[in-house]
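These notes concern the structure reproduced below.
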Amino acid sequence: MKAMEIIALVDGLRPNRFSNAEKFRWLSDIDGLIHRELLESHEGAPESAFAGYAEGVDDDTELLAPFPYDALYRWYLESQIDLNNMEIAKY
């Protein structure tokens, strides 16, 4: 899934006040964890470091988790929206 696709999906499902820059930071957080905890922890791991996503990243930039695991991005962004809105019961 592409970064802008998941942001558009979440914005459509759960309208919110958060900027794309904040959502890119949250996507960087989760993909940074995936890169460090899953990819780098195995033999033959990619040598490159994960630098995160900047706002306005190329529309063709793919996030790290492939289908069917890419659903985690929707749930993660929605949980961050709830957390930052202090809607702890939803979080």
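The values are calculated or read from the model by the stated rules, or taken from the named source; none is laboratory data. These figures come from a predicted structure and were not determined experimentally. No Cβ is skipped: glycine too gets one built from the backbone with ideal geometry, and neighbour counts run over all protein chains shown. Surface accessibility is based on the protein's heavy atoms, side chains included, excluding ligands, DNA and RNA. Shrake-Rupley method; radii C 1.70, N 1.55, O 1.52, S 1.80 Å.
Structure notes:
- Within region 17-83, all pairs of alpha-carbon atoms sorted by distance into 10 Å bins from zero give the percentages 19, 51, 27, 4, 0.
- Solvent-accessible heavy-atom area per residue, rounded to whole Å², over the chain at 1.4 Å: 64
- Helix-only [θ]222 nm of the chain, DSSP H runs n ≥ 4, -39500 (n - 2.57) each, per residue, nearest 500: -13500 deg cm²/dmol
- Karplus-derived 3J(HN,Hα), 6.51/-1.76/1.60, for each residue of region 31-42, Hz, glycine and proline x: 6, x, 5, 4, 4, 6, 7, 10, 6, 6, 7, 10
- Taking the inverse of the mean reciprocal distance over all distinct Cα pairs, the Kirkwood hydrodynamic radius of region 48-91 comes to 12.5 Å.
- Backbone geometry of region 43-52 corresponds, through the Karplus equation with coefficients 6.51, -1.76 and 1.60 at θ = phi - 60°, to 3J(HN,Hα) couplings of 4, x, 5, x, 7, 6, 8, 8, 9, x Hz, x marking Gly and Pro.
- Sequence of Asp29, Asp60 from largest to smallest accessible area, 1.4 Å probe: Asp60, Asp29
- Chain lengthening between Leu33 and Ala71 when straightened (0.36 nm per residue, less Cα-Cα): 12.1 nm
- Residues whose amide H falls under 5 Å from that of Asn85, counting only those 5 or more places apart or on a different chain, are absent, with hydrogens built in the peptide plane.
- The label-point distance for Glu22 and Asn85, in a model that sets each label 7 Å from Cα toward Cβ, rounds to 1.1 nm.
- Carbon + sulfur, % of accessible area of region 8-91 - ligands and nucleic acids excluded, 1.4 Å: 55
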